Structure formats: C-alpha cells, structure tokens
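The values are calculated or read from the model by the stated rules, or taken from the named source; none is laboratory data. Note that this is a predicted model, so its numbers are computed, not measured. Here the Cβ positions follow ideal geometry from the backbone for every residue, glycine too, while neighbour counts run over all protein chains shown.
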C-alpha cells in the first residue's frame with residue numbers, strides 16, 4: 001500500500017483515513033506492507049494499543065529529501081499560479097522519485113494487490129504494477145478539482161491522475177460525489193469505480209475535556225468552523241452566514257479553527273462586515289484541542305464548496321456537537337441526522353444556525369440521533385468493502401486468492 | 001352474523017411553509033406556500049381530490065345507489081372542510097351527496113385534528129363544539145359518535161366524551177390493549193356507563209389499506225371474493241368487523257392501477273353472497289350490539305406506526321418542545337379575541353406538524369419520510385418554531401395584551 005502521510009505527521013484527512021483503514025484491514029487479517037515516501041516521521045511509537053496486537057503493518061521508509069513535505073504546508077494542495085511553479089520543480093520531482101523507489105520495493109516484496117492513495121502515490125502504484133503485474137487499485141480521497149475548487153487545475157497533476165486511473169485495474173472513491181467527478185472530469189467509466197465511504201472509530205476519541213467552557217457563559221452560543229481556510233472549504237460562506245446570524249442574534253460566537261492561504265482575507269472580511277468582535281480565529285488545532293473545540297460548540301458548520309468526503313463532521317458528532325454540512329460533500333451521503341445546505345445559500349445556512357442556537361431541543365435531537373447513526377459509519381465497514389473489492393480484482397486478473405498480502 | 005363497519009378518515013392539514021427566521025415580524029402568513037413543493041396546501045388538495053376524493057366518491061355513490069343496504073361512515077376534520085371550501089367546492093359537493101343518501105354517517109372529531117385533549121381539555125371541548133357546528137352547517141347532520149385525532153384513546157378520553165353526550169367512540173384494536181380479546185365486539189370503556197367502544201380490526205383493515213398492492217404479501221392479489229371470504233369467517237366469532245382507514249387509501253396510497261377501485265366496486269356484492277354479513281354504520285352498531293366486556297386502557301394508544309402509541313408525535317425533544325410551546329400560548333392568544341390570531345394558533349395545533357418532526361426510524365426511509373413534505377424533520381421543526389415565534393410577536397403586539405400587562409402591573 002502506497003501512502004503519503006500518516007498520523008501524527010499529517011496535515012489533512014488523508015493521513016487520518018489511511019490510519020483508520022489500515023488498522024481495520026489489519027484487524028481483518030490483511031497483511032499490509034505500508035510504504036511512505038520519506039524517512040523521518042512515523043514509527044512504531046505512534047501505534048495505538050489496538051494496533052500492536054495486529055502487527056501486520058510494516059513500515060518501509062523511502063529515502064527522499066522532501067523539503068515541502070517537512071513543513072505542514074507541504075501537504076497544502078491549493079494551487080495558485082505562483083505556487084504551482086514551486087511544486088512543479090520540487091513536489092513533482094519527489095513524486096517521481098517515489099515512483100522509482102516503489103519499483104525497487106515491488107521487485108523485492110511479495111503481495112497480491114497494490115493499493116495507492118491519491119495522486120502523490122499513484123505513480124508509485126503504476127510502477128509497482130509494471131514490475132509485478134499485480135492488480136492496481138487507486139484510492140481517490142480527493143481529485144484535483146476538489147482541491148482547487150474547480151479554479152486553476154494543475155495540468156500535470158491532472159495528467160497523472162488520469163493516466164494512472166486509466167492504467168489501474170480498479171478505483172476506490174470515497175463517495176458517490178467523488179465518483180461522479182471522476183466520471184465527469186476524467187472520462188473513467190462508472191463501473192470501474194467502487195464507492196467506499198470513509199469512517200470513524202469511536203475508540204480514537206475518548207476522554208474529551210471541556211476546555212472551552214468559559215466561552216459559553218452568559219448563554220453565549222458557539223458556532224464552529226474547523227478546516228483549512230482555503231477556497232475548497234468555503235470559509236467565505238461561513239463568514240457571510242455569520243454576519244446574517246449576528247444581525248438577528250448577537251449573542252453567538254463564531255470560531256474559526258484552522259489556517260490556510262485565505263486566512264488573512266477572512267479576517268479582513270470579518271472586519272469589513274463589522275463582526276470582528278464575534279468571529280475568533282483560533283488557529284490550527286489538532287488532537288485534544290480540536291476535540292475540546294467540537295465539544296464546546298453548539299453547532300459545527302462545514303460549508304465546503306467541494307468535499308470528497310469530510311471526516312470532520314463525524315469527529316464533531318463524537319465530541320458532542322451536531323453538524324450543518326454542505327450538500328456538496330461525500331459525507332452528506334451517509335449522514336441522515338445532519339442539517340444540510342447548498343454551500344452558497346448563506347440565507348438558509350443562517351436560518352438553520354439560528355434554529356439550532358435558539359432551540360435547545362433541536363440541538364439535542366439532532367446530536368442524539370447523529371451520535372447513534374455514526375456507529376455504523378466506521379472503518380471496519382469500509383475495510384470489509386475494500387477486501388471484497390480486492391478479491392474481485394484478484395479474480396478478474398485471473399490469480400487465485402490464496403494469500404492475503406497487499 | 002357479522003356486520004362490516006367502514007370508517008374513513010378524511011383529513012388535510014394546513015402545512016407550514018418554509019418559514020424562515022428572517023420572516024418573523026414581517027410575514028404573518030404561515031400556510032400559503034405556492035411553490036411546487038409538497039408544502040403547497042392548495043396543490044396537494046387538488047392532487048388528492050383528483051386521485052382519490054372525486055373518483056372514490058363516485059364509486060361510493062354508485063354503490064350506495066346500487067345496494068340499498070350498503071353503509072359507510074366518515075369523519076372530516078374541520079381544517080379539511082375549510083380547504084375544500086377554499087380550494088375545491090365541487091369536491092365538497094360530492095361528499096355532501098354521499099351524506100345526503102342517509103347511509104354515510106359523519107363522525108365527530110376536533111376541528112383542528114389536534115392533540116388538544118392531551119394538553120388542554122377546555123380547548124379540546126371548544127374544538128369539538130366547533131366541529132359539530134361545522135358538520136351541521138355543511139351536512140345538516142349531528143354526529144353522535146366520536147373519534148379522536150389519529151384514534152388516540154384512553155379511559156380518560158372516553159369518560160370526557162361520554163360527558164359530552166356521545167353514544168360511541170372508536171379506537172385502534174391494538175394487541176397490547178386487547179391481549180386475547182377480539183376487536184370484533186363492542187366494549188364498555190372502563191369508568192363509563194353510557195358509551196360504547198368500537199375497535200379497529202387492524203389486520204383486515206391494513207390488508208386493504210397497506211398490503212393491497214404489495215407483491216411480496218403472501219395473499220397478494222387481494223380480490224373482492226377473497227376478502228369477502230375472510231370477512232365471513234368472523235361469523236360466529238364476532239358482531240362487527242371494523243374496517244377503519246384513511247380515505248386516501250383509495251387512489252392516493254393505493255393508486256388506481258392497483259385495481260383498488262375495482263376491488264371496492266365489487267366488494268358489496270361479494271359480501272352479500274354470504275347471507276350472514278351486512279354493512280352497518282357506527283350508530284347502528286352501537287344500537288344493535290351490547291358491549292361484551294369492559295376495556296381498561298390507561299395509557300394512550302393510537303393507530304399510528306407499529307407501536308400504536310403517542311411516539312409518532314411525541315418521541316423526541318423537538319416534538320415535546322414544539323407542542324408545549326404552542327399550548328403555552330393558549331391564554332394569551334384567546335384573550336386577544338383576534339379571529340386571525342386565534343385561527344392561526346389553532347391551525348398550528350394540527351397533529352401533522354409534530355408528525356413531520358418525528359425522527360424515529362428516520363434512517364430507514366420509512367412511512368414518516370414518505371409523508372413528510374419537508375426534507376428532514378429538523379427543517380419541519382425550524383419552520384414551525386419560526387412561525388410560532390411570529391405568532392407570539394403578534395400576540396404580544398396586540399392591544400389587549402398591552403392592557404393585560406398594565407392591569408397585571410397595577411395589581
């Protein structure tokens with residue numbers, strides 16, 4: 001399995017997803033050889049206890065001096081015309097280097113299936129297939145269209161995605177929403193794509209503390225945005241909805257947790273709209289801090305312009321806040337007990353936010369039901385689907401499925 | 001001898017439109033959606049009239065004319081009758097024709113199809129009186145048999161309805177209440193002396209209302225002769241076969257192409273092939289048969305969902321919040337003496353509003369979702385509470401309210 005990042009050295013959902021998926025697969029007795037491109041970082045010390053028993057994941061670190069990757073921005077996928085040149089010279093080089101290393105690994109190791117996550121690993125997967133002739137499954141967590149919100153798609157990245165998907169034996173998409181994008185923008189036939197929704201495992205979210213309870217005195221309500229402050233995540237719609245809400249009900253505090261290229265712009269926008277005193281930019285949060293923010297919130301809002309899946313609403317529900325999510329997301333396909341809006345409809349967004357902050361019973365019912373619902377949106381369910389897909393691919397390639405190593 | 005007693009519920013609520021918090025204080029029309037969505041009351045009424053009321057009434061009239069002993073009964077909610085007058089007078093006429101035959105009985109219920117008995121017995125009495133007056137005005141008859149909203153029933157209700165002078169009351173033949181007893185007899189509600197209870201035979205009723213077009217059903221297809229056979233098997237085992245259902249069964253829940261109208265058309269003649277069976281109205285049943293036992297129903301039951309209890313309307317915090325909020329306004333609303341405010345308040349009491357907010361089983365896309373004109377129960381709640389907030393503002397802004405506050409302060 002070819003990945004690019006793994007917790008705790010991840011800056012986005014890709015690492016979290018890989019972690020959840022590999023652990024669940026290992027629990028189902030799939031032996032995984034997990035490859036990361038860079039040497040430093042993850043090691044056995046990060047493994048949770050659950051993991052240790054199933055010790056079937058070996059970590060192979062490929063040597064590479066990947067400067068952009070070392071910083072958290074290295075995984076930022078937003079594209080400005082200016083930045084793409086830098087990536088053109090360094091990130092793409094690293095991706096190609098990864099692919100060559102992958103070739104060597106594939107020659108030496110035994111496995112039945114190749115599973116590669118997102119475009120950064122696709123070339124590695126393609127090379128591995130070339131030398132081993134084993135089935136290649138590409139896992140699409142996000143397409144270039146999602147990352148750029150449809151504006152300024154990087155041609156080289158697009159070409160890699162397309163070429164790899166054409167060469168692959170099977171493709172896993174994290175939602176029907178993403179599958180549609182793949183069919184529409186990359187010309188891949190729908191029957192080549194299997195949808196496996198991401199999940200969340202409750203055991204990873206125990207012991208959440210009420211750190212931010214001070215903010216809630218005076219009956220103040222808290223509405224939370226947590227994500228990269230970038231075009232894909234729709235922060236401007238959040239700010240606009242906030243303005244609309246505050247006109248009606250001033251005793252609401254809007255928290256923006258995250259960082260990104262639009263951060264400064266959003267601060268200026270809040271100031272311009274005269275709501276700076278009610279919008280707090282609290283920076284990038286992770287782990288316990290992020291969970292505490294979810295816990296303190298009365299409502300979590302994910303106004304994404306284009307979200308292939310969206311694990312954050314699930315985290316929010318586990319931690320204690322019900323969610324309002326964009327209909328233009330993959331997670332909207334699996335969550336019934338959530339408020340849903342079109343990302344651009346800030347009136348509707350404000351109306352729903354006000355509904356939740358004004359009526360405790362709405363918050364209770366929404367959260368109670370979603371908390372129950374989330375139990376079936378887990379990584380074990382996802383891993384089962386992946387395993388079925390592996391078997392399907394292995395059969396299609398004409399190899400009997402005796403071994404179970406990937 | 002077993003008599004078939006048909007009872008049809010005929011009801012349409014005034015659905016609340018997609019009322020936003022920003023409309024509060026600006027728009028005092030809550031029920032006038034005119035989009036293509038199914039919260040458009042006028043559109044829905046026309047649709048159901050076309051698919052159900054008009055064709056079903058035509059079949060019923062045909063049967064009433066053809067079979068001089070054929071009998072049926074209805075109850076029309078007041079809000080339904082209002083909408084007929086407003087949107088489809090010709091449909092009202094078709095119902096009037098049926099009642100005019102003298103063999104289509106009209107039952108009593110709360111005008112606003114509300115859960116008022118649970119929250120305000122006085123409001124309940126008022127709404128029943130309003131309903132009686134409306135039925136007298138439109139149909140020239142005075143009901144003597146009562147049915148509460150969605151057949152919600154318990155001992156206390158029977159006691160109250162007996163006090164109000166009704167001779168009979170109908171309810172669901174729920175298993176958890178009947179136990180081994182049969183719904184095919186009349187019962188005496190516990191604590192009463194002069195009122196008789198008729199219970200729905202849910203198996204036979206639901207065979208028509210729900211299972212009729214279900215191909216997975218072991219007894220599909222249901223034909224008139226087959227059903228007549230089942231009915232005749234009650235002979236010797238019961239006095240009545242109470243077939244209680246929503247009138248929308250005919251054409252709206254069961255579409256015309258399932259053959260439901262043909263089934264109905266041939267049913268009387270098939271029933272009559274069994275000389276021990278006949279048709280009866282609830283009043284006739286009450287007059288003809290004596291109760292065989294007392295029935296103790298302490299907790300409320302209804303005909304809704306599998307549980308047959310109040311959970312369809314009152315199972316989550318939102319529903320409780322909404323219903324308590326509307327009844328809290330009673331005193332203030334009534335004291336305004338403002339017809340429009342009071343009428344709007346009452347329209348907001350219709351049980352359907354709370355039904356739309358139900359979240360049990362929402363995951364399984366079940367019957368609640370089918371009937372829900374909103375995208376989610378949460379949106380139903382938000383629209384409702386916003387409308388209620390506007391109503392509250394109208395009450396508070398009303399001159400009589402200001403006077404009341406002054407008086408309170410003086411005292």
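For the reader, a short list of remarks on this structure follows.
- Test for residue A:352: is it modelled with pLDDT of 95 or more, within 14 Å of chain B (Cβ to nearest Cβ) and in contact with a helix residue (DSSP H, G or I) (Cβ under 8 Å, 6 or more places away or on another chain): yes
- From the list A:346, A:336, A:403, A:365, the one residue that fits, being modelled with pLDDT under 95 and within 14 Å of chain B (Cβ to nearest Cβ), is A:336.
- Candidates B:241, B:271: the one that is outside any helix (DSSP H, G or I) and either within 14 Å of another protein chain (Cβ to nearest Cβ) or in contact with a helix residue (DSSP H, G or I) (Cβ under 7 Å, 6 or more places away or on another chain) (or both) is B:241.
- Just one residue in the set B:174, B:104 is in the same structural domain as residue B:50 (by TED's automatic domain parsing), at pLDDT below 95 and under 18 Å from the mean Cα position of the chain (by Cα); that residue is B:174.
Table: residues versus (1) more than 19 Å from the chain's Cα centre (by Cα); (2) under 20 Å from residue B:109 (Cβ atoms); (3) not in a helix (DSSP H, G or I).
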| position | (1), (2), (3) |
| --- | --- |
| B:315 | yes, no, yes |
| B:323 | no, yes, no |
| B:327 | yes, yes, no |
| B:331 | yes, no, no |
| B:346 | no, yes, no |
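- Matching entry among A:254, A:209, A:238 (being assigned to a helix (DSSP H, G or I) and in contact (Cβ under 8 Å) with a residue 24 or more places away in the chain): A:238
- Residue A:304 being touching a residue at least 12 places away in the same chain (Cβ under 8 Å), crowded, with 22+ Cβ neighbours inside 10 Å and not in a loop (DSSP other than H, G, I, E, B): no
- For the stretch B:376-411, the candidate set comprises residues that are within 11 Å of another protein chain (Cβ to nearest Cβ) and closer than 14 Å to residue B:332 by Cα; within that set, the residue that is surrounded by the most Cβ atoms within 10 Å (Cβ to Cβ) is B:388.
- Number of the condition not met by residue A:294 [criteria: (1) more than 14 Å from every other protein chain (Cβ to nearest Cβ); (2) modelled with pLDDT of 95 or more; (3) closer than 23 Å to residue A:244 by Cα]: (2)
- Yes/no for residue A:146 being within 24 Å of the chain's Cα centre (by Cα), in a helix (DSSP H, G or I) and without any contact (Cβ under 8 Å) to a residue 24 or more places away in the chain: no
- Matching option when the condition is buried (at least 20 other Cβ atoms within 10 Å of the Cβ), at pLDDT 90 or above, in contact with a strand residue (DSSP E or B) (Cβ under 9 Å, 6 or more places away or on another chain) and assigned to a loop (DSSP other than H, G, I, E, B), among A:137, A:171, A:188, A:182: A:188
- Out of B:335, B:343, one residue alone is free of Cβ contacts under 8 Å to residues at least 12 places away in the same chain, away from every other protein chain (no Cβ under 14 Å) and surrounded by fewer than 19 Cβ atoms within 10 Å (Cβ to Cβ). It is B:343.
- Test for residue A:312: is it under 21 Å from residue A:234 (Cβ atoms), buried (at least 22 other Cβ atoms within 10 Å of the Cβ) and either within 11 Å of chain B (Cβ to nearest Cβ) or within 16 Å of the chain's Cα centre (by Cα) (or both): yes
- Among the residues of the stretch B:1-46, those identified as over 25 Å from the mean Cα position of the chain (by Cα) and within 14 Å of chain A (Cβ to nearest Cβ) are B:19, B:20, B:21, B:22, B:23, B:24, B:25, B:26, B:27.
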